[in-house]
Amino acid sequence: MGLVFLLSEKNMNYASKYKEDVYGLMIFSTIGGLMLLSYANLVTLFLGIETLSIPLYVLVGSKKSDLKSNEAAMKYFIMGSFATCFLLLGMALIYGAVGSFDFREIALQCYTDAGRVNSLFEMGILFLLFGMIFKVSAAPFHFWTPDVYEGAPSIITVFMATVVKIAGFGALARLLRGGFPDSILFVNFLWIIAVLTMTVGNLGATQQKSIKRLLAFSSIAHAGVMMIAVLAVSKASMTNVFIYLLAYSLATIILFTLFMHFADKKGLSDISSFNGLGKTNPFLAATSTLALLSLAGIPITAGFFGKYYIFYNAMNQGYIWLVILGLLNSAIAIYYYLGIIIAMYFKEPVEMKSETDDLPFLHKLVIAGCAIGIILIGIYPNRLMMLF
Amino acid sequence: MFDFLNNTGSIPIDYYLWLSGVLFCIGVMGVLLRRNVIIMLMSIELMLNSVNLLFVAFSTYLGDAKGQVFVFFIMLVAAAEVTVGLAILTMIYRNTKSVDIDFLKNLKG
């Protein structure tokens, strides 16, 4: 859902010699993502993850002569296959305990004779979760995220921050909704991960000067919020996760499109490239303000309702402390998002040169489309709720 | 049909569990401690193969062929993964003339 649409929007300006390879690999990767959103079997989960990841390793390194891109690819590859091993170990233990890969059978088996298989099964789930948590870049396994996001070509970073993220959380949500009993180990573990992820992401983001790294840390923080949604498993929580992901993706696309433009034109990659945008280009400034407000979760944007539903659901499930910590973290997030907005409106531009004419029409269309999407979801969230 | 699989009764499943556990740990240590990318790739292979062993042992123990089919999937994917890994390594070698992990420190912040 929504996934292919997001992809097709972004395939626009990859200025490299290997254009067709890049598109092909992106499509392979997207197919992996679609598998992850609709699996009902551990084998499909594994194949989906690998179909998603292997083309990504190549894509991250697709700037062949750039050492940063090489380094990002290598890091991502080593960490990724390391995590895959843990994922597989978890699957092997679950298989040993239950004797099946099918979700329904696993759920049945572990309910009926939990006494006999308990420890092996729980170990398996734990390892499986380690692997998944790596893929969605949550806290103890988040170290690769900023490096890879910074080193990868920008368009691939957008792809990773949106499509891959959606697929990862879709998979995690499906896994937890798959009918496993919520043993204590499991819930406490995710609780800690969620809080840790939000805090590390937000505190990390306040330290950043480079836009790409800032967005990487903010994506870690958002992963933490989505962990809350995934943790408070209920019928509504899938919908919540998807609304949040949609809101997050739309805002991220706007910011990255702008960032790519600045990086091309001015050769700048830190926050100062946004200085004075409010004067030189009101349209871009307004849309990116909207995107930042949505990421921070300010009302009438999509991000507000995404957060609202997630926290509301978690409250109903009795995770009061989790919600309180989540709200505290949102406050930290507002600090660094507003930093960029202040740079846009209250600081002098680096060079007084109108950027409007340089931005390709297609990019403007994408930005406008995303902005309209953010506002529409912010005003009519119920319409979207009904879709899922 | 799977009669021959049940003849392993003389070796208890625990032994296989310990063996693959130990192999997996050796693999983890290799990835974490060694600085040479090729050795790290080999360690990752070792981890994958210890998981394969675990799958086959469980599959025999449970008298169920699904685990063995999964092993084929894993072998296939592992081959694809290592191909990509070696390609990335070749690309890096062309730029740095080294297969050491220590050059991976340009991205910080």
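The values are calculated or read from the model by the stated rules, or taken from the named source; none is laboratory data. All of these numbers come straight from a predicted model, not from anything done at the bench. Here the Cβ is made from the backbone with ideal geometry for all residues, glycine too, and neighbour counts use every protein chain on show.
Among the residues making up segment A:311-333, those that are among the aliphatic types (A, V, I, L, M) and touching a Gly at 6+ places or on another chain (Cβ under 8 Å) are A:Ala314, A:Ala333. Any residue that is at pLDDT 80 or above and either closer than 26 Å to A:Ile193 by Cβ or not hydrophobic (A, V, I, L, M, F, W, C) (or both) - is there at least one of those in segment A:267-279? For segment A:267-279, residues at pLDDT 80 or above and either closer than 26 Å to A:Ile193 by Cβ or not hydrophobic (A, V, I, L, M, F, W, C) (or both): absent.
For segment A:97-104, the condition holds for at least one residue, the condition being that it is in a helix (DSSP H, G or I) and within 10 Å of another protein chain (Cβ to nearest Cβ). Would you point out the residue of segment A:69-81, among those that are within 22 Å of A:Ile133 (Cα to Cα) and more than 7 Å from every other protein chain (Cβ to nearest Cβ), that is surrounded by the fewest Cβ atoms within 10 Å (Cβ to Cβ)? Step by step, filter segment A:69-81, then rank; the result is A:Met79. Quick one: how many residues across segment B:54-93 are under 10 Å from the mean Cα position of the chain (by Cα) and more than 7 Å from chain A (Cβ to nearest Cβ)? Here the count works out to 2. The requirement of being at pLDDT below 80 and within 9 Å of chain B (Cβ to nearest Cβ) is satisfied by A:Asp66. Per the listing B:Val37, B:Val99, the residue uniquely crowded, with 21+ Cβ neighbours inside 10 Å, farther than 27 Å from A:Leu93 by Cβ and touching a residue at least 40 places away in the same chain (Cβ under 8 Å) is B:Val37.
Evaluating B:Leu32 against the criteria (1) over 24 Å from B:Val99 (Cβ atoms); (2) modelled with pLDDT under 90 leaves one unmet condition, (1).
Here the helices (runs of 4 or more DSSP H) wholly within segment A:122-191 that include at least 3 residues being at pLDDT 80 or above and within 14 Å of chain B (Cβ to nearest Cβ) are A:144-151. Residues in segment A:36-50 that are within 14 Å of another protein chain (Cβ to nearest Cβ) and surrounded by fewer than 21 Cβ atoms within 10 Å (Cβ to Cβ) were compared, and the one that is modelled with the lowest pLDDT is A:Asn41. When segment A:190-244 is filtered for residues that are without any contact (Cβ under 8 Å) to a residue 24 or more places away in the chain and within 23 Å of A:Tyr308 (Cβ to Cβ), only A:Lys235 remains. Looking at A:Lys347, A:Lys307, just one residue is of a type in the set (Lys, Arg), assigned by TED's automatic domain parsing to the domain that holds A:Leu214 and surrounded by fewer than 23 Cβ atoms within 10 Å (Cβ to Cβ), and that residue is A:Lys347.
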